[in-house]
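Please read the structure below before turning to the comments.
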């Protein structure tokens, strides 16, 4: 039985950002990715030994994490929110970690697999066998997203080091 992730779950379960502006290599998932339903872009960056993905653009600006089980996080913006969490290499072109779904406020076991350099297969699983996912396509950088505050780096243009610092280990997601 396959579990189908809702479209924005896939969007907010999205991951990946480039550490520089050079084109990504064939086995490099860093960069900006457009989710299947085209409602969001996820920027994936390499933070040490793991990939992290944050929402770098929203089709409809101003989204909030209203379904988060932690009441203190329900008003945080979707823009800049970590979606792909601590994705570690499993095999060439494949990483495993977690994905956060803002539609239901839950975090799922996840894997991402790079296909041909421009398609990222994103899969989330419940109980290890109820899985669903979608393919994201490599996107052009969003440029100014216009939604970041002075205290939060703009997820579309910030250096990878700033993104890594903002999703630091132990922070709530």
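In the range 55-79, which residues have a backbone nitrogen under 15 Å from the label point lying 7 Å from residue 162's Cα in the Cα-to-Cβ direction?
Of the residues in the range 55-79, 55-57 have backbone N under 15 Å from the label point off residue 162.
Please rank 60, 30, fewest neighbouring Cβ atoms within 10 Å first, as an exposure proxy.
60, 30
Laboratory data are not the source of any read-out in this text; all were calculated from the coordinates shown. Since we're looking at a predicted model, the values are computed, not measured. Because the Cβ atoms are built from the backbone with ideal geometry, glycine has one as well, and the counts that use them run over all protein chains shown.
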